[in-house]
1. Would you pick out the residues in the stretch A:213-241 that are assigned to a helix (DSSP H, G or I) and not basic (K, R)?
2. What single numbered condition from (1) modelled with pLDDT of 95 or more; (2) more than 8 Å from chain B (Cβ to nearest Cβ); (3) over 20 Å from A:V364 (Cα atoms); (4) touching a Leu at 6+ places or on another chain (Cβ under 9 Å) fails to hold for A:R27?
3. Looking at the structure I just gave you, is B:P200 surrounded by fewer than 17 Cβ atoms within 10 Å (Cβ to Cβ), under 28 Å from B:D276 (Cβ atoms) and either out of contact with any strand residue (DSSP E or B) (no Cβ under 8 Å at 6 or more places or on another chain) or of a type in the set (V, I, T) (or both)?
4. Starting from residues that are more than 7 Å from chain B (Cβ to nearest Cβ) and of a type in the set (V, I, T), keep the ones in the stretch A:30-57 and report whichever is nearest to B:R8 (Cα to Cα).
5. In the stretch A:176-212, what residues are within 14 Å of chain C (Cβ to nearest Cβ) and assigned to a loop (DSSP other than H, G, I, E, B)?
6. Can you tell me which of (1) open to solvent by less than 30 Å² (accessible area, probe 1.4 Å); (2) assigned to a helix (DSSP H, G or I); (3) within 7 Å of another protein chain (Cβ to nearest Cβ) is the one A:R411 doesn't meet?
7. Just to be sure I understand, how many residues within the stretch A:418-443 are at the interface with chain C (Cβ under 7 Å from one of its Cβ atoms) and at pLDDT below 95?
8. Wholly within the stretch B:203-319, which helices (runs of 4 or more DSSP H) include no fewer than the required count, namely at least 1 residues that are within 14 Å of chain C (Cβ to nearest Cβ), under 30 Å from B:A168 (Cβ atoms) and touching a residue at least 60 places away in the same chain (Cβ under 8 Å)?
Amino acid sequence: MTTRLDLTRSPRTLALLRSRWAQFLLRAITLAGFIFTILAGLIGSVVGSHNFAIIFVWIAWWTALKLAFIPFGGRSWCSICPIPMPGEWLQNGGILQPRGRAGIGLGKRWPKSLRGTWMQAGGFLLIGLFGALTLTSAKITAIVLLFILVLALVLSLVFERRSFCNYLCPIGGFTGLYAQAGPVELRVKDADICAAHSEKTCYTACPWGQYPLALKSSANCGLCMECLRVCPSDNIAVNLRPWGSDLGPKTKHRLDEAFLGLVMLASALVDSAVFLGPWGQLKSAAYNIGSPDWFLFAGVFLVIALGVLPGLYTASAWLADHLGSARASLRKSLAYYSQVLVPLGLIAWIAFTISFAIVKFGYVLPVVTDPLGWGWNLIGLSKSAWVGETTSFSLILQVALLMVGLFWSSRVARRISDTIRQAAPLIAFSAFITLAMLWLLVG
Amino acid sequence: MRKEGLARWIVIFLVLAAIVVPLGSWWLSRAQGTQIEMHARMPENGGWSIDTIQAKVGQPIQLRLTSDDVVHGFAIGKSDMESWVSIFPGEYVETTLIFEHPGKYTFYCTRWCGPNHWRMHGDIIVTGEGDPIPSDPLPLFLQYNIDIDAPHYAENIPGSPPSAERGARFSNRLPDYAIDMQTYLLTSPADLWLKLRSEPSLSDLSDMDLWDVVRWIWDRQNSSRTQSLGVKLFMALASAAHGESGRGDGVMVRGLPVMDHSRMGSGLVRPPDFTDPHVLLGASPALLEGKIIRGGMGTGMPSWGSILSRDQIHSIISYLYTIAWESIK
Amino acid sequence: MPMKALPFKTALINWKRWAWAIPFAGLALLILFIPLPLPFHAPQDRLLRIEASTFQFTPGEIQINPGDRVTVELVSTDVVHGFSLDGYDFELKADPGQTATGTFIADQAGVFRFRCSVACGNLHPFMIGKLQVGLNLLFVRGIVLGLLAISAALISLKNVSRGMA
């Protein structure tokens with residue numbers, strides 16, 4: 001018996017989920033906000049702390065994503081994300097139109113060789129390599145956002161559905177990965193009803209190319225509710241569920257999930273060192289893109305992300321496999337054990353975000369009252385931003401969170417292994433990562 | 001469908017608002033034109049965003065100042081320190097300037113913003129009716145043909161700290177020239193001591209007595225007010241290079257070789273060590289005034305002629321001598 | 001097979017499955033918060049001369065003892081910088097050429113970050129240093145807590161074999 005709370009059982013919630021208007025208004029607002037952010041970055045103050053683009057993208061929205069959307073809603077941001085919307089509206093031939101009727105676009109299938117989360121992991125590596133400059137330059141942030149918006153639009157006109165979101169968006173990559181641990185899922189209620197329904201309207205409607213009946217993992221479902229809206233039998237459930245439900249001995253995982261999970265962990269460690277550490281030379285090296293120091297930094301970062309961490313993980317997976325009774329190929333083991341990286345990475349990023357963003361929260365209101373940094377006072381606030389500090393509370397919170405992450409990943413490791421011995425290498429790996437994060441954040 | 005149409009209008013409206021509000025306000029603020037928006041940046045990043053401001057006599061210039069990188073300051077050359085304005089990154093500060101006399105004024109950065117801080121100047125050209133700015137007198141070194149690049153190492157210095165109080169005892173015995181303003185300006189303390197030493201009427205005074213006299217002469221030219229102004233100006237403008245103690249070891253000159261007169265003109269060197277009494281006691285106020293006004297000819301010492309008024313320069317000079325006197329052990 | 005969602009009430013009644021968590025939670029709180037006697041060092045007067053450049057404090061990592069009376073000299077070497085110490089009400093601001101000095105008593109033990117408090121360029125929000133007062137007890141607690149977390153994870157699954165959890 002699985003523990004699930006079906007939100008569609010409540011008539012008011014069901015009506016809300018079905019409503020295209022509620023979702024549309026949220027999306028229209030995020031789209032306008034996105035465009036405003038791009039403009040603010042391009043023409044507003046070059047001083048990052050006084051520009052809406054920097055503060056809202058890298059502090060406000062990033063914190064909301066890591067501390068609210070993902071841990072409490074899985075891939076929920078994707079349902080209101082503005083980036084694919086222009087393209088999707090064109091594909092559907094309208095804003096409130098369901099998919100599949102009129103529309104613009106070539107609708108090509110995404111090439112098989114480019115599927116998976118490989119490119120999303122690569123995109124996140126790029127964010128890490130160029131992050132010190134991007135996060136502190138309003139213009140560059142704006143250019144990156146504009147580029148993503150245009151890219152998503154172009155891809156929507158060439159390829160079917162949300163190809164950008166599925167295969168390219170770096171945010172989508174890890175949001176999907178961690179959504180497996182999230183407390184929300186969309187599943188069918190009664191499979192027999194689906195068996196009797198030949199038309200599969202849900203699949204036609206789904207912008208993510210998912211088939212709800214076959215949906216076993218929340219990684220690729222963007223919670224857009226289209227299937228819910230078109231199902232003639234009201235057979236789609238939106239369940240609240242315990243954390244970590246897509247992780248377990250019987251769940252399927254792929255090699256690219258392992259790669260993405262490792263890239264995310266490496267990025268958490270390196271970003272903690274660069275942004276939160278006391279090493280000014282490291283920060284300057286990460287910032288001065290193109291300088292010899294930067295090449296050294298990039299080299300070390302890539303060695304950690306593509307060599308050290310994958311090497312340690314592979315050794316752990318290989319050892320775990322050899323400590324068990326059955327034998328699987330290395331590739332299968334790497335894919336299978338990648339689930340351990342999910343709670344580990346999710347918690348590591350939450351802990352990082354607490355240090356990174358909480359200290360700068362004082363900038364959020366001033367930048368709402370003066371988004372372009374031109375001396376406006378829209379909501380009548382005093383303009384001085386208070387600079388936060390890490391308090392003993394936030395430090396203890398981070399320690400507690402990291403321990404929850406270690407507990408959780410150890411549990412996953414144990415659940416998917418035959419014996420404690422077999423789980424030990426991956427538990428050791430998790431402990432190593434946790435220790436490293438602990439030292440970087442609190443040491 | 002009507003709803004579809006409504007949805008489209010909502011999107012168009014919101015997106016247009018997102019575009020029009022920032023672009024519109026940007027356009028409007030440029031069209032207004034009564035205020036001049038000036039961005040301060042480190043010289044490496046472009047310096048002042050406006051090099052030259054044109055203005056008319058009596059017309060108020062409304063400046064809206066902001067910094068794009070680090071803390072800067074703004075002041076008009078030769079103005080009082082009270083009028084200096086600090087500019088913080090991302091923050092705006094407004095100031096209004098009015099010039100009563102036509103001429104060329106200099107504005108400059110008053111808070112150290114990197115090794116090229118002293119290059120951060122701009123001009124304000126004021127045209128119109130009226131008497132031109134009363135100009136400063138010709139610098140003393142030009143009036144009296146003093147070679148301010150010549151070495152000024154004092155051979156004789158006091159063996160212990162001279163006291164102006166003790167020197168005052170002999171004030172009524174001094175020849176007229178000794179207490180003349182002209183003498184003070186054109187003679188170094190060491191040279192004045194030599195002159196007094198060769199006076200027959202003062203032959204009964206000890207060497208130390210005469211140093212006390214010289215100290216007394218120097219101190220009476222400088223009130224405590226000019227002293228404190230001198231300290232403030234030195235700390236704000238000079239200590240980053242000259243060192244807080246005047247030793248020539250300021251943070252901005254690390255990595256530069258120590259000054260050596262034989263190497264003059266062959267590259268940037270450290271400022272001299274003012275805590276070595278031989279250095280300043282051999283320099284006359286006119287020489288120091290010349291160095292400050294003109295700058296160092298390749299040594300990195302900026303030209304302060306358009307930045308500091310004569311009074312400000314002499315208050316700094318009085319502080320420099322204090323450093324010299326107080327470094328005698 | 002249809003997946004029926006359990007009513008929430010039934011889910012809550014299964015709390016007995018989670019009873020093992022209670023002693024662990026208690027132990028965790030103990031490890032995290034129990035006051036521990038620290039080795040005693042006689043408090044001394046210290047002079048910390050800290051140079052600030054973009055974007056680095058030198059020294060960037062400092063170790064002192066609890067109770068020390070600390071005088072900080074902040075020397076800015078290129079632009080105006082500040083020094084603000086987390087957890088202490090202590091701040092200095094210094095222009096190049098004008099060393100700023102201040103004194104505080106390090107009465108709280110732990111690791112405290114200090115930050116630049118005057119905007120000094122793009123990476124200003126990340127200009128950080130570390131002051132360690134005494135032992136970094138929180139780090140040690142974290143390590144012990146980590147071992148507890150692993151044990152808790154294993155014990156919570158003690159009676160479950162693969163495929164049934």
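1. Within the stretch A:213-241, the subset assigned to a helix (DSSP H, G or I) is A:213-214, A:218-220, A:226-230.
Across the stretch A:213-241, the qualifying residues are A:L213, A:A214, A:S218, A:A219, A:N220, A:E226, A:C227, A:L228, A:V230.
2. A:R27 satisfies every listed condition except (4).
3. Values: surrounded by fewer than 17 Cβ atoms within 10 Å (Cβ to Cβ): yes; under 28 Å from B:D276 (Cβ atoms): no; either out of contact with any strand residue (DSSP E or B) (no Cβ under 8 Å at 6 or more places or on another chain) or of a type in the set (V, I, T) (or both): yes.
In short, no.
4. That would be A:T30.
5. The answer is A:P183, A:K189, A:D190.
6. Exception for A:R411: condition (1).
7. Final tally of qualifying residues: 4.
8. On the way: elements: B:207-220, B:224-233, B:239-242, B:277-281, B:285-294.
In the stretch B:203-319, the matching helices (runs of 4 or more DSSP H) lie at B:224-233.
The values are calculated or read from the model by the stated rules, or taken from the named source; none is laboratory data. Just so it is clear, the model here is predicted, and its values are computed rather than measured. Every residue, glycine as well, gets a Cβ built from its backbone with ideal geometry; the counts of neighbours run over all protein chains shown. With ligands, DNA and RNA removed, areas are computed over all heavy atoms of the protein, side chains included. Shrake-Rupley method; radii C 1.70, N 1.55, O 1.52, S 1.80 Å.
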